[in-house]
Amino acid sequence: MFPPFTLRYVRFPDRLRAECQPTPVERPRLVAFNRPLAEELGFDLDVYDPDRATQALAGNVVPEGAEPVALAYAGHQFGNFVPQLGDGRAVLLGEVTDHAGRVRDLQLKGSGRTPFSRGGDGRAPLGPVLREYLVSEAMHALGVPTTRALAAVTTGERVYRRVPEPGAVLTRVAASHLRVGTFQYVAARGDSEGLKLLADETIARHYPHLLGPDGAEREEGERYLALLEAVVERQAQLVARWMGVGFIHGVMNTDNATVSGETLDYGPCAFMDAYDPRSVFSSIDERGRYAYVNQPAIAQWNLARFAETLLELIDDQRERAIERATVALEAFGERYEAARLAVMRSKLGLETAEQGDAALIDELLDAMQAGQADFTLAFRRLADALEGAEGEASLAELFGEREALDAWLPRWRERLGCEEADEAALARRLRAVNPAVIPRNHRVAEAIAAAEEDDFGPFESLLAAITRPFEASAGEVDYTRPPQDDEKVLRTFCGT
Ligand code: AMP
Ligand code: MG
């Protein structure tokens, strides 16, 4: 059933990874399987045998051709460098080539102890597995680059956290698991050969254009500088997308920062309800280091750690390398602003660019903050507001205080006059970029609580709703609705 594996990482020197079999679990049960993704990856579903699939996705049987490895990496956690982290509860089965010709990693997460487990049990509780499943699939449906969820299996075993919880294994699909922390791992050991291997693998998998006709002529140092620039650009794009959907990653440590530009590691992440740029959900982020508003600056900080590892590849002369890398890093600000402006313009229905657009965006956000308006619904109802008084009222009712909104609306309408589109077309445009449904925290919590009692109904219906985020849900449950006061989830816990 599995597509053929390519085993690129297995061929890396063993100081970069450790061969490691998943630890079998007692009573595996497949609770989620992402068929469209499986098809995209080249799984042969005609020979799909649920029992065998379950055994493989639980780690009880290693699929033919796979050679599981745990990857080594380091990382800055909340600003402190940890020279060795690594896959402590995950193994890479191998890579597969999808229908579009892209190489993708298949990883089991929660699959037992590895040489990198330190004190941990190598397992994952069901709650964090379902959270990652829901949120990563929602991000994909929203058009945000992200790792994907292929399957979730419950293990029939308990894992012991604050309380005993049901265990589970997630199958994660990623463009790769190369992280800023992977580079830090080799750099911290003075492993120049390993560094070059990683940089070349990153280029081959994520930035092959750097090897193209131009790239062949490129001098080596130039190529690695171009790699840094390319990663800066992808991260700028990524964080701009997060900001546009109100997403808070929660643990932007360098080991959770990919060089592919995909969102990785859904621990204590959350989408904002009421707009507040200082929003923090993570229970372990006491100082708000990874608050919504800080995300661009943290991404740049992480990129600086990445740049440090590349210096010796950029130029033999350290001073010159630092100079060039600094220029590349400083471009982040401008690139991020450009990416953010593009994202936010489209959220206002603007396809053209005008001088005052940035101010127009910020004024709406200020009005939302003052009125504690729900971030997602406020943007969603802009389309309604174009369609008449009733729609405008439904937008205004989201704002606890509406003076600023009332001042803003006529300016926005005037600006829309520069767009060559009538109101119906503008409303359609707005509804195609501003989602109705996001995986709201209280809904995710509700789905997890039910699943822990062996009722996967709420998980399934939430999953169905968030995979079509631009359609207002018509089912029994209104997934567009923000939490009432007693439903609000103020803290989320990380996946460990
Ligand atoms: P994360 O918080 O998921 O980014 O993980 C940070 C580090 O802790 C990584 O090296 C993980 O592999 C490791 N880790 C997290 N949970 C466990 C666990 N249950 N057992 C072993 N290692 C873990
Ligand atoms: Mg991590």
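The values are calculated or read from the model by the stated rules, or taken from the named source; none is laboratory data. Everything numeric here is computed off the predicted structure, so don't read it as measured data. Note that we place each Cβ from the backbone using ideal geometry, even for glycine, and neighbour counts take in every protein chain shown. Side chains included, ligands, DNA and RNA excluded: accessible areas come from the protein's heavy atoms. Shrake-Rupley method; radii C 1.70, N 1.55, O 1.52, S 1.80 Å.
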Determine, for each peptide in 5-15, 182-192, the mean count of other beta carbons within 10 angstrom over its residues, then list the peptides with the highest first. 182-192, 5-15
Arg287 paired with Ala393, simple spin-label distance in nm, labels 7 Å along Cα-to-beta-carbon: 5.0 nm
Helix runs (DSSP H) in the chain reaching 24 Å along axis by Cα, Kyte-Doolittle at least -0.5: 220-245, 295-314, 318-347
Top to bottom by accessible area (1.4 Å), largest first, where do Glu165, Glu354 land? Glu354, Glu165
Of the trypsin sites (Lys or Arg not before Pro) in the range 250-332, which ones lie in a loop per DSSP and count no more than 13 other C-beta atoms within 10 Å? Arg278, Arg287
Using a probe of 1.4 angstrom, how much of the accessible area of the chain is carbon and sulfur, in percent? 48 percent
Gap separating the Cα centres of the range 98-132 and the range 1-46, nearest whole Å: 10 Å
Mean Cβ count within 10 Å, highest first, over the residues of peptides 403-410, 226-233: 226-233, 403-410
Please find the FRET efficiency linking Arg8 to Ser192, where r is the Cβ-Cβ separation and R0 is fixed at 25 Å, and quote it to the nearest 0.05. 0.80
Probe 1.4 Å - accessible area at Cys269, Å² to nearest ten: 0 Å²
Once both labels are modelled 7 Å past Cα along the beta-carbon direction, what's the Thr326-Leu490 spacing in nm? 4.4 nm
As a test of the formula, what do you get for the chain when each DSSP H run with n ≥ 4 contributes -39,500 (n - 2.57) and the sum is divided by the residue count, at 222 nm and rounded to the nearest 500 deg cm²/dmol? -13500 deg cm²/dmol
Binned Cα-Cα distances of the chain, short to long, each 10 Å bin given as a whole percent: 4, 19, 29, 26, 16, 6, 0
Centroid-to-centroid separation of the range 146-193 and the range 331-395 [C-alpha atoms, Å]: 35 Å
If I model a spin label at Arg29 and Ala474 as a point 7 Å from the Cα along the Cα→Cβ vector, what separation in nanometres do I get? 3.3 nm
Hey, can you find the accessible area per residue of the range 1-122 for me, probe 1.4 Å, expressed in square angstrom? 45 Å²
Considering every pair of different Cα atoms, what Kirkwood radius, in Å, is found for the range 9-177? 16.4 Å
